[in-house]
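Read the structure below first, then the notes.
The values are calculated or read from the model by the stated rules, or taken from the named source; none is laboratory data. What you see is a predicted model, and the numbers here were worked out from it, not measured in a lab. Heavy atoms of the whole protein, side chains included, go into the accessibility calculation; ligands, DNA and RNA do not. Shrake-Rupley method; radii C 1.70, N 1.55, O 1.52, S 1.80 Å.
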Amino acid sequence: MSSLPQHLDLHLIRILYLLLVEKNVSRVALKLNQPQPSISASLRKLRELTGDPLLVRGARGMVPTQHGESLLKPAKRILDETENLFVKKTPFVPQEEARTFNIAAPDYLDSQFLPNVVAALRRGSPLSRVVIHNLGPGIDYIRLLSDGELDLVIANWDEPPQHLHLSKLFEDPIICAMHAGSPYAKRTDSDAMSMQDYLSLPHVAPSQMLPGYGGVIDAFLERHGLRRNVVVESAYFGLIPYMLTQTELVLTTGRQFLRSYEKTLPLKTFTVPVKFPPMRFYQLWHERVHQAPEHKWLRDQVGAVAKALVQK
């Protein structure tokens, strides 16, 4: 058998397939709207490449050789796969398709945000699976997005990574809170906390959540030459409001996060005497999924939940 050329003409494979199916040079020429001598020349080239006659005379016309028969399925597969390379993306039909959506988020979001996201995804795509991942100091979320192990990362950054796609979900003004029964809370009005009080009171803060990310509160204070008195750090942000009820600790966070806890816990909120910018929450994703219809649907669902949350 002759060695194959470095670049095998796809059109030649199409002619091979049609010859093996039609078993007639004239019909293949008609299908491809080419002169019969051109198809005959292609058959000669194919015979030379394969070292086999491919088509031989039978009792009722041309018939494929045994080797020719063996090439029929591979030729069809190559043509089908090549066609799929350039076919337009099929739309994502969420009600009918089963996908797995991997979302990473910290637990300092509004307590209703992720439950509402899960509910929206379950309603919209009931056959799909949703996996919520934690964000911690050992999580390389940039690599996980690039490798396809995560679809979305939801969190807040002063400066989100430049090479990732992002959309802003909502802004959350910063306030602070403490146990309503503590001596300081009893004697101080909600809008009367002084700068000196704020910096000297005992604070609880979240542990480092992301690599190289120390938190927007302390980063802002440091840029302005200020430092608060952090005496407790916790990796479990969702438990911090309960810590406030048994201590004189102060928590600085977004109003959205504290909203639901205020309804059930004896907390008092204060206007922070520092002009913090609001916490800005984003969803981030990688270029590899930017055009994928199912991923666009996912981002739209998350965005709609965030919009509804802010409007409450």
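Worth pointing out:
- Within the straight-line cut-off of under 20 Å between alpha carbons, the aspartates and glutamates reachable from K23 are E48, D52, E69, sequence neighbours fewer than 8 places apart in one chain being disregarded.
- For the range 140-223, accessible area per residue (1.4 Å probe, heavy atoms of protein chains only), Å²: 47
- Accessible-area composition of the chain, carbon plus sulfur, in percent [1.4 Å probe]: 52
- Taken one residue at a time, the phi angles of the range 41-52 give Karplus couplings (6.51, -1.76, 1.60, θ = phi - 60°) of 5, 5, 5, 4, 5, 5, 5, 5, 5, 8, x, 9 Hz. Gly and Pro are set to x.
- Annotation: amide H of V230 within the under-5 Å range of H203, sequence separation 5 or more or interchain, hydrogens built in the peptide plane.
- Residues whose placed amide H lies under 5 Å from that of G136, excluding near-sequence neighbours: none
- Intensity falloff of the chain expressed as log10 I(q)/I(0), Debye formula with alpha-carbon point scatterers, at q = 0.09, 0.14 Å⁻¹: -0.63, -1.04
- Taking θ as phi - 60° and the Karplus parameters 6.51, -1.76 and 1.60, the scalar couplings of the range 250-260 work out to 10, 10, 10, 7, x, 4, 4, 5, 7, 3, 6 Hz in sequence order, x denoting glycine and proline.
- Scattering curve values for the range 241-282, log₁₀ I(q)/I(0), Debye with Cα scatterers, q = 0.15, 0.17, 0.32 Å⁻¹: -0.41, -0.52, -1.29
- Surface per residue (accessible, 1.4 Å probe) for the range 53-131, Å²: 64
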